[in-house]
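So the structure is just underneath, and the comments pick up after that.
The values are calculated or read from the model by the stated rules, or taken from the named source; none is laboratory data. Just so it is clear, the structure is predicted and the values come from calculations on it, not from any experiment. Note: ideal-geometry Cβ built from the backbone for every residue, glycine included; neighbour counts use all protein chains shown. For the accessible areas, the whole protein counts, side chains as well, though only heavy atoms, and no ligand, DNA or RNA atoms are used. Shrake-Rupley method; radii C 1.70, N 1.55, O 1.52, S 1.80 Å.
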Amino acid sequence: MKADREKLIVIGNGMAGISTVEQILKLSGSYDITVFGSEPHPNYNRIMLSYVLEGSKTINDIILNDLNWYEDHGIKLYTDTTVARIDSETRRVITEDGASVPYDKVIIATGSNPLILPIPGCDKQGVVGFRNIEDCNQMIEAARSYHSAAVIGGGLLGLEAAKGLVSLGMQVTVVHLMEDLMERQLDHQAALMLKDELERQGIGFAMGKKTTELIGGKRVEGLRFSDGTELACDFVVMAAGIKPNTGVAKVSGIAVNRGIIVDDFMRTSMHHVYAVGECNEHRGICYGLVAPLFEQGNVLAKHICGVATQPYEGSVVSTKLKISGVDVFSAGEFIEGPMHTVIAAQNDWKHTYKKILLQDGKIAGAVLFGDVTEAAPLQKLVKEHALMTDDIYNEIMGGGCCGSSGAKKSLSVETMASEEIVCGCNGVTKQMIVEAITEQGLTTVEEIKACTGATRSCGGCKPVVEQILQYVLGDGFQTESKQGICGCTKLSRDEIVAEIRGKGLKTIREVMNVLEWSHPEGCSKCRPALNYYLGMVYPAEHEDEKASRFVNERLHANIQKDGTYTVVPRMYGGVTTPEDLKRIADVSLKYDVKVVKVTGGQRLDLIGVKKEDLPKVWEELDMPSGYAYAKSLRTVKTCVGSQFCRFGTQDSMAMGALLERKFERLDFPAKFKMAVNGCPRNCAESCTKDIGIVGNDGGWEIFVGGNGGIKPRIADSFCKVKTDQELVDICGAVIQLYRETGKYLERTSEWVERMGLEAIQAAVLEDEEQRMQLLERNNFALQQVEEPWSQVLRENATRRVMYGEVNGDAPHNKLEV
């Protein structure tokens, strides 16, 4: 340390404190800086804890400043050290272990603590908050030993915790006091759509419930509500809110209300002591989101460095929920009142919803569900209280001419203030991005990300970063037209598969490392895709990475909205026997199956099986899995055919059973359905299947690319064949071509449109050598598959980890993994 420099102590090693330090380092070299953090880690991105919980990232992935950064900047870091008080008389900071460090200025950035409801039983084992890495680790550990969890709180943090626990295989119920989720950010319609979507993903809900007690012995066993009802569970996450961590300020005699009271320059009541972030209270408001803390930090850094700055006058907050498959955004006002003009659009087909509130013609708030591509410009417009114009309306609501230059001009970043934060996750301002472009010659979003951190986390600011690039570079800007399979890479599906083959990459981690994934652990989009591509390229060598599969595929059953599962045994060609039906009935009664449903694919769906009962149900059914949960061959629907039907010309039931036995258990890019008709009357609806087959007097006609789901498509006539063997071979070659060229999650209806029917016909029908090669690879892949339920029944360790008890285990036995 240099004697002529002031001593700055930062209490708190989180995002607020360290982002302020980063700004101070850029503005001035006049401080010797010491940081105290109560956690054992360097500064990490707290808003990405949900990614750690779901397993897509590790703590190392969310570290924002590693230990080398502190050393490189001469910052003395004390981890695992809690500050007890600030002594203004001696101007020293005193730690809980008795150390005393002198200061000239102090920044308190102690953040917030989870709100643990003060109800009976809140101190039982198995009750945690969700605020830091330690909480995350406890939740991950609990998921290894216990099966049901309750998350108290239906806000942003609670829903992220719930989704993470579901990803870990737990049965989760979110308990919420209000009737709407995220009632502080969403209106009733958006909350309803969010709840529906999360239920589809396996989260249960108990709405309008007030928890009055946590019941059980030493460990929590359930919740009791004010209406007298109870919910059994063996793990509880309290996510009912946060409270500013004001402990050190209170003990030190600093004025505290709900938070540490600060003025517009973050000054507390104690001379030379400041507070920034979630621990403070500015103009009566305590913020719990990241964007305000960066804005406060910028003002504080300039003030403390003697750089002219406007005072902090509060923040317009916005929320973006990032749960797999769910995109939600809100900013400003979202509940309409008499003073508002409402612009709203709901698309039940696309599951999207937009609402903009105007007050006196100006944009006062907005809510987006399902499609949040307009989140960044809307956030800016709300913050600016921009006047609604036709151009803005057309741009946001989609009612104008595509590519209207006038609309784009209205949303230009030209008028954005230099100090305005573009990336709320990482506190990157417009000026920082502009400087990175002009001073370092950067020309792409990826380069901006690497330099400034913008777009590094949720990626929601990417459109604005692109606009700034375009604004600064002018004609030199080139749109990044190339799209990768996800935000982790710019590589397309074909490029990745080519690299896997060319470089002999064998694991997901190897692919990510060698191909320089921007997120080393990948995401929920790329990990399942890579697992599929590797299995397709190396059917014999690839070791299936189950953690990269969706939960239904990991558990070999479909989770339902109440947390139970469905069991669909295979019925080849839709044909069963009295013996199998009796066994299904016996098992259904024994395990209290709620509903036995006949499916559209001519099978029986046992709905309402408890997770822990799944292996026993499979064992007693003694039937193969119907793969109703997998991206694989689901079913081959058949009509009665020539065996019994007076119109039948071909034996559709036998052919359907043969095809189902032939191609079952193989992984496909997406779910796959087939149907076989004995005559052109098409009773088995072949026209809407991935492969549909219609019998005629001379043989069979094959159709491909049909779909009866969200995007209906009538299948294309592919070819006619005369013999059963030709039929099986053509089906095998088409299936293998689809497996080798299809994008992950791409149905054949989309695949045929993308590839072109003629190209598929050329590969399968016109090139006999290629057809034989496809068949050879398809047969080799089929030789590697194994019946999954039988596999689970053989592996006790898997049964314990995935489903709980095994015969002979004591109930609720703690498990070693």
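Of all residues in region 335-353, how many are touching a helix residue (DSSP H, G or I) at 6+ places or on another chain (Cβ under 8 Å) and within 18 Å of Val317 (Cα to Cα)?
Counting residues in region 335-353 that are touching a helix residue (DSSP H, G or I) at 6+ places or on another chain (Cβ under 8 Å) and within 18 Å of Val317 (Cα to Cα) gives 0.
Taking into account only those residues within region 779-795 that are assigned to a loop (DSSP other than H, G, I, E, B) and of a type outside the set (A, V, I, L, M), which is least open to solvent (accessible area, probe 1.4 Å)? Give the derivation first.
Within region 779-795, the first condition is being assigned to a loop (DSSP other than H, G, I, E, B), and the residues that meet it are 784-787, 795.
With the extra rule that they be of a type outside the set (A, V, I, L, M), the set shrinks to 784, 786-787, 795.
Numbers: Gln784: 74, Glu786: 79, Glu787: 21, Glu795: 71 Å².
In this case the residue turns out to be Glu787.
Identify, from the list Thr173, Thr90, the residue that is within 24 Å of the chain's Cα centre (by Cα), surrounded by fewer than 24 Cβ atoms within 10 Å (Cβ to Cβ) and at pLDDT 95 or above. Walk me through how you get there before you give the answer.
Numbers: Thr90 fails: within 24 Å of the chain's Cα centre (by Cα).
Thr173 is the lone residue from the list that is within 24 Å of the chain's Cα centre (by Cα), surrounded by fewer than 24 Cβ atoms within 10 Å (Cβ to Cβ) and at pLDDT 95 or above.
Could you check region 474-486 and list, in sequence order, the residues that are open to solvent by less than 60 Å² (accessible area, probe 1.4 Å), modelled with pLDDT under 85 and part of a loop (DSSP other than H, G, I, E, B)?
At the first step, the residues of region 474-486 found to be open to solvent by less than 60 Å² (accessible area, probe 1.4 Å) are 474, 476-477, 480, 484-486.
Next cut, modelled with pLDDT under 85 only: 474, 476-477, 480, 484, 486.
Across region 474-486, the qualifying residues are Phe477, Glu480, Gly484.
Conditions first: (1) surrounded by fewer than 21 Cβ atoms within 10 Å (Cβ to Cβ); (2) within 28 Å of Ala308 (Cβ to Cβ). Asp61 passes all but one, so which condition is the exception?
Exception for Asp61: condition (2).
So Val307 fits all but one of (1) surrounded by fewer than 16 Cβ atoms within 10 Å (Cβ to Cβ); (2) free of Cβ contacts under 8 Å to residues at least 60 places away in the same chain; what number is the exception?
The failed condition is (2).
Quick grid of which residues meet (1) under 26 Å from Ser548 (Cβ atoms); (2) modelled with pLDDT of 95 or more; (3) among the aliphatic types (A, V, I, L, M):
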| site | (1), (2), (3) |
| --- | --- |
| Asp104 | no, yes, no |
| Ile107 | no, yes, yes |
| Ile116 | no, no, yes |
| Ser148 | yes, no, no |
| Gly153 | no, no, no |
| Leu157 | yes, no, yes |
| Leu168 | yes, no, yes |
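Go through (1) out of contact with any helix residue (DSSP H, G or I) (no Cβ under 6 Å at 6 or more places or on another chain); (2) free of Cβ contacts under 8 Å to residues at least 40 places away in the same chain and name the single condition Gly14 misses.
(2)
Considering each residue of region 110-148, count those that are acidic (Asp, Glu), open to solvent by 40 Å² or more (accessible area, probe 1.4 Å) and assigned to a helix (DSSP H, G or I), and give that number.
Number of matching residues: 2.
Spot the failing condition for Asn558; the list is (1) touching a Phe, Trp or Tyr at 6+ places or on another chain (Cβ under 8 Å); (2) closer than 30 Å to Asp61 by Cα, and only one is missed.
Result: Asn558 fails condition (2) only.
Would you check if Val598 is in contact with a helix residue (DSSP H, G or I) (Cβ under 8 Å, 6 or more places away or on another chain) and open to solvent by 30 Å² or more (accessible area, probe 1.4 Å)? It would help to see each step written out before you state the result.
Working: in contact with a helix residue (DSSP H, G or I) (Cβ under 8 Å, 6 or more places away or on another chain): no; open to solvent by 30 Å² or more (accessible area, probe 1.4 Å): yes.
It is false that Val598 is in contact with a helix residue (DSSP H, G or I) (Cβ under 8 Å, 6 or more places away or on another chain) and open to solvent by 30 Å² or more (accessible area, probe 1.4 Å).
Pick out the one residue from Ala436, Ala386, Ala366, Ala344 that is modelled with pLDDT of 80 or more and open to solvent by 20 Å² or more (accessible area, probe 1.4 Å).
Ala344
So that you can scan it fast, the table gives a plain yes or no per residue for (1) small (Gly, Ala, Ser); (2) within 26 Å of the chain's Cα centre (by Cα):
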| site | (1), (2) |
| --- | --- |
| Gly247 | yes, no |
| Met266 | no, no |
| Ala275 | yes, no |
| Tyr287 | no, yes |
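Applying the selection to region 1-37, what residues are acidic (Asp, Glu) and surrounded by fewer than 17 Cβ atoms within 10 Å (Cβ to Cβ)? So that I can check it myself, show each step before the final result.
Looking only at region 1-37, we keep the residues that are acidic (Asp, Glu), and these are 4, 6, 22, 32.
Answer for region 1-37, where residues must be acidic (Asp, Glu) and surrounded by fewer than 17 Cβ atoms within 10 Å (Cβ to Cβ): Asp4, Glu6.
How many residues does region 668-677 contain that are out of contact with any Asp or Glu (no Cβ under 7 Å at 6 or more places or on another chain) and in contact (Cβ under 8 Å) with a residue 40 or more places away in the chain?
Of all residues in region 668-677, those out of contact with any Asp or Glu (no Cβ under 7 Å at 6 or more places or on another chain) come to 668, 671, 676-677.
From what is left, the residues that are in contact (Cβ under 8 Å) with a residue 40 or more places away in the chain are 668, 671, 676.
Residues in region 668-677 being out of contact with any Asp or Glu (no Cβ under 7 Å at 6 or more places or on another chain) and in contact (Cβ under 8 Å) with a residue 40 or more places away in the chain: 3 in total.
Is it the case that Glu395 is in contact (Cβ under 8 Å) with a residue 12 or more places away in the chain and assigned to a helix (DSSP H, G or I)?
Details: in contact (Cβ under 8 Å) with a residue 12 or more places away in the chain: yes; assigned to a helix (DSSP H, G or I): yes.
So Glu395 fits the description; yes.
Could you list, in sequence order, the residues of region 93-109 that are in a strand (DSSP E or B) and either hydroxyl-bearing (Ser, Thr, Tyr) or over 39 Å from the mean Cα position of the chain (by Cα) (or both)?
Of everything in region 93-109, those that are in a strand (DSSP E or B) and either hydroxyl-bearing (Ser, Thr, Tyr) or over 39 Å from the mean Cα position of the chain (by Cα) (or both) turn out to be Val93, Ile94, Thr95, Ser100, Val101, Pro102, Lys105.
Could you tell me which of the residues Glu499, Glu510, Glu495, Glu516 is at pLDDT 80 or above, out of contact with any Lys or Arg (no Cβ under 8 Å at 6 or more places or on another chain), of a type outside the set (Phe, Trp, Tyr) and part of a loop (DSSP other than H, G, I, E, B)?
Values: Glu499 fails: part of a loop (DSSP other than H, G, I, E, B); Glu510 fails: part of a loop (DSSP other than H, G, I, E, B); Glu495 fails: part of a loop (DSSP other than H, G, I, E, B).
Every option except Glu516 fails the conditions.
For a quick check of your reading: which helices (runs of 4 or more DSSP H) sit entirely within region 707-770 and have at least 3 residues that are touching a helix residue (DSSP H, G or I) at 6+ places or on another chain (Cβ under 8 Å), surrounded by 18 or more Cβ atoms within 10 Å (Cβ to Cβ) and aliphatic (A, V, I, L, M)?
On the way: elements: 724-741, 748-755, 757-761.
It comes to 724-741.
Any residue that is at negative phi and at pLDDT below 90 - is there at least one of those in region 118-128? Reasoning before the result, please.
First, pick out the residues of region 118-128 that are at negative phi: 118-120, 122-125, 127-128.
Keeping just the survivors that are at pLDDT below 90 gives none.
Looking through region 118-128, none of the residues is at negative phi and at pLDDT below 90.
Just to be sure I understand the filter: pairs with C-beta atoms under 9 Å, separated by 6 or more residues or on different chains, first member in region 631-656 and within 16 Å of Val575 (Cα to Cα) and among the charged types (D, E, K, R), second member open to solvent by 50 Å² or more (accessible area, probe 1.4 Å) and in a loop (DSSP other than H, G, I, E, B). Which pairs pass?
Arg634/Lys671; Lys637/Gly600; Lys637/Gln602; Lys637/Glu685
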